[in-house]
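> One structure, as structure tokens, below. Some questions next.
No lab work stands behind these numbers, since they all come straight from the coordinates. Every value quoted in this text rests on a predicted model; they were computed, and no experiment measured them. Cβ placement follows ideal geometry from the backbone for every residue including glycine, while neighbour counts extend to all protein chains displayed.
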Amino acid sequence: MLSNQPIVIRDLNTWPIEVKEFLAAHEELLVDEKIIKIELEQIDKESNGSPSNASMIAEQNELPSAKIINNIYKKYGGKEQFNICRDKFKTDLVNILQKHSFLLVHYTRLTEYEIGDILNSGLSLPNSAVLATRIDKLVEQKYLTEEQANHLKKYNAYTDANERKRRENIFCFVSGDPLEGETDNSKCPDYGRLVKCWGGEALYCGNEELVIGQTLRKIGIPSIIEAVIPCSILCNVDLGRQAVDRFVNRHLKSKKIIYKNDKLFTEYEEYQDGYGCQTKEDITNEDMKKINILRIIRYDKDREEFIRFTGCDKWDEQLI
């Protein structure tokens, strides 16, 4: 049974107690070499791969983080055994998350009809058949000509076998945090293409630079779908790899690192991230019904909030 309150990555108050307790109990396994990459590179270079030399060099050069991680490796019987324990930790964390849900968002561009349909009936699985139906609806509503529709049905991500396997029946969501880190300049970031061009990745790849691309930019309203997604329908491999990042970034990696008596302590601090997660590959239409659509943030009616999520006011292109 799912817990009532979804996890909002940026809000520590929404983290389940059992998750926070689990992370605290396994804090040593959260240590990531990326945190101390420079120190480790120096250690490896000077120690010739010897753990004892590494500890000595860390101490001599006053590199506390490298000394800590080498002591942790030693405690677990070496780096290989440490990694085995860390993999089990990821699996156990995913199992804990199965009874919870995430508050996530999906960036897109929708017509008025599609906004109403999603709010009333939920999301449909993205695949070639659904795309063809959506294109036909645009012809019916005079957004596209028959010739343009035939072109888009022929040239899209699903017509390539490899791309179809990678994209079909998979939905991508992100954490819902404002992605300010990607909008420091006027260049539209990658996710901006999703709200700039109707049809998303399925259509803008290979079409956005053509004349038809200009047509796709005029169709629909830039939108952000905010939804509660059960962890059970998210890809376990993806979730296993990213759950640690999601929580570790809040719990350790993005925090102030404090060294006391050779132990690693952390302080919570606010952090913005845009981690993405995909639905599992064998997701069904029944699974999609488990996604609770909370609202659709529209650029035309909810502009201030839309800008807060995207930073699109800095882009050098108009969305509408």
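> Take peptides 158-164, 111-117, 227-233 and line them up by average Cβ neighbours within 10 Å, highest first, as a rough protection proxy.
Details: 158-164: 13.6, 111-117: 15.6, 227-233: 19.3.
Ranked by mean Cβ neighbours within 10 Å, highest first: 227-233, 111-117, 158-164.
> Next question. Please sort by residue number the GluC sites (Glu not before Pro) in the range 286-320 whose DSSP state is loop and whose Cβ has at most 15 other Cβ atoms within 10 Å.
On the way: sites: E286, E304, E305, E317; in loops: E317.
In loop regions of the range 286-320 (DSSP not H, G, I, E or B), the sparsely surrounded GluC sites (Glu not before Pro) are E317.
> To continue, here is another question. Could you tell me which of the pairs K280/K314; K153/K280; K137/K289 are separated by over 27 angstrom between their Cα atoms in the structure shown? Please list the in-between numbers first.
Numbers: K280/K314 34 Å; K153/K280 25 Å; K137/K289 22 Å.
Pairs exceeding 27 Å: K280/K314.
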